[in-house]
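Here is the structure we will look at, set down as structure tokens.
The values are calculated or read from the model by the stated rules, or taken from the named source; none is laboratory data. Note that this is a predicted model, so its numbers are computed, not measured. Here the Cβ positions follow ideal geometry from the backbone for every residue, glycine too, while neighbour counts run over all protein chains shown. Just the protein is used for accessible areas: all its heavy atoms, side chains included, with ligands, DNA and RNA removed. Shrake-Rupley method; radii C 1.70, N 1.55, O 1.52, S 1.80 Å.
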Amino acid sequence: MNIVATPPVEKKRWGFWATLGFSVVIIAAYILAQGFAIGLVAGIQSLGGSGLDEEELVAAIENNGFYLSVGSIASAWAGALAIGAVILLRKGYSLTEYLAIKNLPFKTYAIWLLASLVFLVSWEGLNVALDQPGSDWMTDTYETAEYTPLIWITFVIAAPLIEELFFRGFLFEGLRDSWMGPIGAVLV
């Protein structure tokens, strides 16, 4: 009996143009979800009699931590779902495999967490030492958050997670596997 071994099929991520095209779709889903969520919340609040006309409402939304949080969390969900859907269209890949997500030892997480903490404390100490005022936008955003845990979820979990999934995961890996290679993907 003759058994012929078939060579393993090389998996390829979406190519250069497909990665860019799907990136536009993912960004559109992100923006639409953010606009819809903010519009929905603003509409509900205006029905409650906020007393603001349209221009005042738009101006109030720009620096409002509550609107920012709701919009960012909604868009993070929409972006993650769009990324997942695009990856599932590419047969043969799991989400973690396509995005090159790998488990790291706990020690590595701890070292990077400590390094980040040292950097943030040093940066803030430098700002205080140089008498640099905080950002007005950040202060306004935090003060208008209405529900503080929501803004923390936005800045600590939702925004960084979707940025990593999209830029380091989907876009970088797709461009890296294209004719651009790793150096071209890093430059982009």
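Descriptive notes on the structure:
- Filter result for residue 94 (more than 20 Å from residue 166 (Cβ to Cβ) and without any contact (Cβ under 8 Å) to a residue 24 or more places away in the chain): no
- Residue match in the stretch 177-185 (condition: open to solvent by 50 Å² or more (accessible area, probe 1.4 Å), outside any helix (DSSP H, G or I) and not β-branched (Val, Ile, Thr)): yes
- Considering residues of the stretch 126-143 that are acidic (Asp, Glu) and in contact (Cβ under 8 Å) with a residue 60 or more places away in the chain only, the residue surrounded by the most Cβ atoms within 10 Å (Cβ to Cβ): 140
- Total residues in the stretch 86-102, condition at pLDDT below 90 and more than 14 Å from residue 169 (Cα to Cα): 3
- Among the candidates 115, 110, 80, 100, residue that is at positive phi and surrounded by 10 or more Cβ atoms within 10 Å (Cβ to Cβ): 100
- Just one of the numbered conditions (1) more than 19 Å from the chain's Cα centre (by Cα); (2) touching a residue at least 12 places away in the same chain (Cβ under 8 Å) is not true of residue 105: (2).
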